[in-house]
Every structure is written in C-alpha cells, then in structure tokens.
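Trainee: Here's a structure for you.
The values are calculated or read from the model by the stated rules, or taken from the named source; none is laboratory data. No experiment lies behind these values; they were computed from the predicted model shown. Cβ sites come from the backbone with ideal geometry, for glycine too, and all protein chains shown count toward neighbours.
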Amino acid sequence: MVGGAGRMGQALAENLNLIDGLVVSALVDVHEPPRLFGASYYVTLADVDPSGVDVVVDFSQPDSVVASAKWCATNNVGLVIGTTGLSDDQRAQVEIAAKATGVIMASNFSLGAVLSERFAAMAAPYFERVEIIELHHDRKVDAPSGTSITTANRIRQARAAAGRVTPEEPTQRHTLEGARGSDAGDGVRIHSVRLPGLVAHQEVLFGGPGEGLTIRHDSYDRVSFVQGVAIAVAHVDAIPGFTWGIDDFIA
Ligand code: NAD
C-alpha cells in the first residue's frame with residue numbers, strides 16, 4: 001500500500017485485511033503510518049522485496065504514482081491506482097508502464113459512485129442541460145475531483161453518441177468570477193465545494209422542459225472505497241494492459 005500513512009491508506013489497510021484472501025503486507029509512505037495493521041513499514045517501494053507482493057495499491061500523490069508504476073512494470077506486479085490529480089504526462093507514464101504489467105486506475109472506487117456515473121451516462125442523452133456539483137472535505141488538494149471529470153466525460157460521450165448538443169450558455173455576465181463553475185467540455189459544468197465535515201459527495205443535475213433529475217451519491221466514510229479496491233485487486237494481474245475504472249467488473 002503506497003500512501004499507507006494517509007487517510008485512505010490507513011482505512012484500506014485496516015479494511016482490506018478483513019477480506020478473505022487479502023493481506024496488506026507492506027505500508028509504504030514518506031511518513032511513518034500511525035497504525036501498521038500487521039504490515040511492515042517502508043519509506044520507499046524500492047526497499048520492498050517484490051517476491052512477497054502480488055499487487056501494489058497506490059493512494060498517495062501523483063509523483064509517487066509514476067514511481068509505483070515503474071516499480072510494478074520492472075517487477076511484474078499488478079498495480080491498482082486510486083490517486084487523483086495526475087497530469088497528462090504522469091498519466092502517459094502510467095500507461096507506458098502498463099505495457100509491461102496490469103494497471104487498473106479509477107477516480108472513484110466506491111460502488112455507489114461507479115453506478116451513479118453509469119446512471120448519469122444513461123440519462124445524459126435525454127436532457128437539455130447537465131451540471132455537476134462535487135463536494136469534498138476541505139483538505140482535498142485537487143479540484144475538480146477526478147470523479148467529476150470522469151462523470152463529465154461519460155456524460156459527454158453519451159450525449160455525443162446520441163447527437164445531443166447543449167444549447168449555448170445564456171449567462172454571459174459573471175458578477176463574480178467562477179460563479180458558473182468550469183466547463184468540462186460541451187457545456188457540462190462542474191462546481192467544486194470544499195467544507196470540513198464532508199467526505200466525498202456528488203450531484204449530477206439534469207434539466208429539461210418542465211422537469212429535472214438529480215443523481216446523488218454520498219461517501220460518508222472511507223470504508224466506502226474498500227469493496228471497489230478489493231474488486232480491482234482481484235482483477236488486476238501482471239498481464240500487461242491499462243484499465244480505466246471498475247465499471248466493467250460490476251455486472
Ligand atoms: P493523504 O494526504 O491523507 O495521504 C497521502 C499519503 O501519501 C500521505 O501519507 C503522504 O505522506 C503519502 N505520500 C506522499 N508522497 C509519497 C511518496 N513519494 N511515497 C509514498 N507515500 C507518499 O490523502 P488521502 O485522502 O489518503 O488521498 C490520497 C489520494 O487518493 C488522493 O489523490 C485522493 O484524491 C485519492 N482518493 C481516491 C479515491 C478513489 O476512490 N480513487 C478515494 C479517496 C481518495
């Protein structure tokens with residue numbers, strides 16, 4: 001587990017260990033983990049013996065994801081990535097590593113979030129406009145969330161496939177900059193909220209003549225990500241290939 005001292009690393013280390021057949025054997029982090037949950041602690045993945053590792057799970061920060069991907073490619077170890085906020089170059093380096101080993105990367109491993117993205121894509125062709133509000137805890141370092149960008153992209157693909165074009169934005173005068181959020185492309189706007197007390201939440205709001213549809217998902221606790229990470233761990237192996245998301249593994 002890379003990022004093993006972090007909020008996600010600690011939640012995953014505790015809860016993946018409770019799943020039959022899974023053992024978190026190493027916590028890798030530049031900071032010492034508050035709890036080890038029976039694992040060994042390493043400052044860097046380079047110090048870990050690859051023969052004792054089947055899969056690396058990375059919930060850290062973008063630079064270390066690239067290092068994890070290179071280590072996994074060199075050692076034929078599958079990699080599950082939850083870290084968000086990668087630049088295009090970092091993402092490209094991960095995809096190069098995936099030519100040598102299996103990589104599953106997802107912006108959201110909670111099953112409810114994965115299903116809400118699927119439902120949003122289903123609804124996308126039928127409404128005139130759609131906007132996304134993503135809400136997270138106030139210590140999140142990137143905005144908008146990776147989940148909101150993935151959701152926007154799925155909506156855009158579904159609308160493009162159906163030939164649905166968002167009408168031109170009528171609101172041109174912005175008294176406060178950013179009041180209309182950011183256009184993620186094709187008029188799908190994302191608004192980011194950061195507040196203490198939140199974990200990870202998202203609303204997709206569709207509007208059409210005389211009606212609206214809201215698809216809302218809430219992660220109240222980091223345990224919500226455990227099941228999806230376990231599914232990815234079960235499906236990733238050292239066979240080369242890059243997979244985005246776990247949607248394909250949920251029937
Ligand atoms: P966090 O800041 O609590 O933890 C990150 C950890 O990474 C820290 O302990 C930090 O010391 C460690 N780290 C930094 N550089 C490192 C390096 N070079 N090597 C090893 N460890 C290093 O953050 P968090 O809330 O646990 O989130 C971690 C990441 O996971 C973020 O990118 C977040 O957006 C993402 N996330 C993804 C999902 C998902 O479902 N995909 C869910 C929640 C969070």
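Trainee: Among the residues of the range 232-251, which ones are assigned to a loop (DSSP other than H, G, I, E, B) and closer than 24 Å to residue 121 by Cβ? If you could, list the steps in order and put the result at the bottom.
Mentor: Taking the range 232-251 first, the residues assigned to a loop (DSSP other than H, G, I, E, B) are 236-240, 245-246, 250-251.
Correct list: 236, 245, 246, 250, 251.
Trainee: Select from the range 125-146 the residues that are part of a helix (DSSP H, G or I) and in contact (Cβ under 8 Å) with a residue 60 or more places away in the chain and write down the one among them that is farthest from residue 226 (Cα to Cα). Working first, answer last.
Mentor: Residues of the range 125-146 part of a helix (DSSP H, G or I): 125-126, 146.
Next, from what is left, pick out any that are in contact (Cβ under 8 Å) with a residue 60 or more places away in the chain: 126, 146.
Values: 126: 33, 146: 18 Å.
Among residues in the range 125-146 that are part of a helix (DSSP H, G or I) and in contact (Cβ under 8 Å) with a residue 60 or more places away in the chain, the one farthest from residue 226 (Cα to Cα) is 126.
Per-residue answers, yes or no, for (1) farther than 17 Å from residue 226 by Cβ; (2) more than 8 Å from the ligand (Cβ to nearest atom); (3) out of contact with any Phe, Trp or Tyr (no Cβ under 6 Å at 6 or more places or on another chain):
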position: 52; (1), (2), (3): yes, yes, yes
position: 61; (1), (2), (3): yes, no, yes
position: 64; (1), (2), (3): yes, no, yes
position: 74; (1), (2), (3): yes, yes, yes
position: 96; (1), (2), (3): yes, yes, yes
position: 102; (1), (2), (3): yes, yes, yes
position: 109; (1), (2), (3): no, no, no
position: 114; (1), (2), (3): no, yes, yes
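Trainee: Identify, please: which residue in the range 211-241 is buried (at least 19 other Cβ atoms within 10 Å of the Cβ) and either of a type in the set (Lys, Arg) or away from the ligand (no atom under 15 Å from the Cβ) (or both) and is, among those, nearest to the chain's Cα centre (by Cα)?
Mentor: Step one: list which residues in the range 211-241 are buried (at least 19 other Cβ atoms within 10 Å of the Cβ), which gives 215, 217, 219, 222, 224-226, 228-233, 236.
Adding the requirement that they be either of a type in the set (Lys, Arg) or away from the ligand (no atom under 15 Å from the Cβ) (or both) leaves 215, 222.
On the way: 215: 18, 222: 13 Å.
Ranking the candidates gives 222 first.
Trainee: Another question, then. Sort out which residues of the range 120-141 are among the aliphatic types (A, V, I, L, M), over 14 Å from residue 152 (Cβ atoms) and more than 16 Å from the ligand (Cβ to nearest atom), and write them in order of number.
Mentor: Hit for the range 120-141 is 122, nothing else.
Trainee: Of the conditions (1) surrounded by fewer than 16 Cβ atoms within 10 Å (Cβ to Cβ); (2) at pLDDT below 95; (3) not basic (Lys, Arg), residue 49 satisfies every one except a single condition; which number is it?
Mentor: With respect to (1) surrounded by fewer than 16 Cβ atoms within 10 Å (Cβ to Cβ); (2) at pLDDT below 95; (3) not basic (Lys, Arg), residue 49 is out only on (2).
Trainee: Return the total of residues in the range 190-204 being within 14 Å of the ligand (Cβ to nearest atom) and within 14 Å of residue 220 (Cβ to Cβ).
Mentor: Residues flagged as within 14 Å of the ligand (Cβ to nearest atom) and within 14 Å of residue 220 (Cβ to Cβ) within the range 190-204 amount to 5.
Trainee: Related question: Please specify each residue of the range 182-218 satisfying the condition of being closer than 27 Å to residue 98 by Cβ and at pLDDT below 95.
Mentor: Correct list: 200 only.
Trainee: Okay, moving on. Are there any pairs with C-beta distances below 7 angstrom linking a residue in the range 81-98 that is under 13 Å from residue 68 (Cβ atoms) to a residue that is among the polar types (S, T, N, Q) and part of a helix (DSSP H, G or I), with the two at least 6 apart or on different chains, and if so which?
Mentor: Close Cβ pairs satisfying both conditions: none exist.
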